[in-house]
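Following: one structure in structure tokens, then a few remarks.
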Amino acid sequence: MRIPVLRTNHLTSITDLSYDEIISLFELTSRLKSCVKKNKKHAYLPGKTLAMIFEKSSTRTRVSFETGIFQLGGQGLFLDMNSLQLGRGETISDTARVFSRYVDAIMIRTFSHQRVIELANNSNIPVINGLSDTFHPCQALTDFFTIYERNKTLKGTKLLYIGDGNNVANSLLLGAAILGIDITIACPKSYEPDKDIIEKASIITLNSGAKINITSSIDEAAENANYIYTDVWISMGQEKEAAKKKKLFKKYKISKEILNKCAKDCLVMHCLPAHRGEEIDAEIMDSGRSIIFDQAENRLHIQKAVMCSLMKNK
Ligand code: CP
Ligand code: NVA
């Protein structure tokens, strides 16, 4: 099986990857997925260890990375703040230097994105961002792969994200810019993605031809959307803002009404976990329009492709 050669040693943001690299990761993902479906051996990382640092909770990221590395013939180490000296003040750079002597790659889920960068800068082994306050590259890769495997192309994709301009929105915006996908982000005023991220995405579009639209008007944004996506209004670490955000975000949810304004074959996406009845109505999540659980499944397959590409021959 051809494993893509990536220029980057780490996956800290989707912008570490080029268009061609993402498409070759998708091709590998399809092949790895079909190995699982056909029960074919694909142990491309025998004896390799992935350390998984979790400073925040997780269902999908933990289970898909741990299962993924196992299916590739390696093993995952689940490490949370109660079991690491990191939780008692050991620095991220010392942790990086020590891990570099034991394991073959590190996945980290954390708060400040700076911690991911610091880990990568001090590691001799690949570092994968499993979500920071700013980015969620594995999620965006999964989402675009889910569209790609349905349509066999990304051409003609018009993605509408409604809700909070958060880590998931940032990675979708940058990923869409790289992949030439038209994306609208509809958020309440002052909850848009950060200016520097919008600026970075805009610069990338000069090459890819993607169109970016940041708005607070959902109605205008819904027109022609063939994928509509949302995420929780209150991300991990923002619990104190819950009451305020719940009021402000009320109309930024995927409901039947909004779906009726989109293209008639529009499909519904969510990175999960979902708060049913808040950012998305439960009946829509469970309807034939939802590809939410395909996205969740594909976390396993795309992350295996990412691990193979970063860890093989390293
Ligand atoms: N989408 C996602 O990253 O889910 P978890 O928080 O369960 O890992
Ligand atoms: N924006 C959410 C994504 C969870 C996968 C959060 O950061 O909590």
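The values are calculated or read from the model by the stated rules, or taken from the named source; none is laboratory data. Keep in mind it's a predicted model, so treat the numbers as computed, not measured. We place every Cβ from the backbone using ideal geometry, glycine too, and count neighbours over all the protein chains shown. Only protein heavy atoms, including side chains, enter the accessible area calculation; ligands, DNA and RNA are left aside. Shrake-Rupley method; radii C 1.70, N 1.55, O 1.52, S 1.80 Å.
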Only one of these is open to solvent by less than 80 Å² (accessible area, probe 1.4 Å) and more than 16 Å from ligand 1 (Cβ to nearest atom): ALA296, ALA242. Name it. ALA242
Filter region 40-67 down to the residues that are within 19 Å of ASN298 (Cβ to Cβ) and of a type in the set (Ser, Thr, Tyr) and list them by number. TYR44, SER58, THR59, THR61, SER64, THR67
Flagged pairs (Cβ under 6 angstrom, 6 or more apart or on separate chains; first in region 62-78, on the phi > 0 side of the Ramachandran plot and away from ligand 2 (no atom under 16 Å from the Cβ); second open to solvent by 50 Å² or more (accessible area, probe 1.4 Å) and modelled with pLDDT of 95 or more) are GLY73/ALA43; GLY73/PRO46
Please enumerate the residues belonging to region 33-59 that are in contact with a strand residue (DSSP E or B) (Cβ under 8 Å, 6 or more places away or on another chain), assigned to a loop (DSSP other than H, G, I, E, B) and more than 16 Å from ligand 2 (Cβ to nearest atom). LYS48
Could we say that PHE111 is away from ligand 2 (no atom under 13 Å from the Cβ) and aromatic (Phe, Trp, Tyr) here? no
Hey, could you check region 257-274 for residues that are more than 16 Å from ligand 1 (Cβ to nearest atom) and part of a loop (DSSP other than H, G, I, E, B) and say which is farthest from the chain's Cα centre (by Cα)? LYS264
Region 143-233: helices (runs of 4 or more DSSP H) wholly inside it with 3 or more residues that are in contact (Cβ under 8 Å) with a residue 40 or more places away in the chain and of a type in the set (Gly, Ala, Ser) are 167-179
Which members of region 171-187 meet the condition of being open to solvent by less than 10 Å² (accessible area, probe 1.4 Å) and farther than 12 Å from SER208 by Cβ? SER171, LEU172, LEU173, ILE185, ALA186, CYS187
Counting only residues that are open to solvent by 30 Å² or more (accessible area, probe 1.4 Å) and under 21 Å from MET236 (Cβ atoms), which one in region 275-292 is nearest to ligand 1 (Cβ to nearest atom)? HIS275
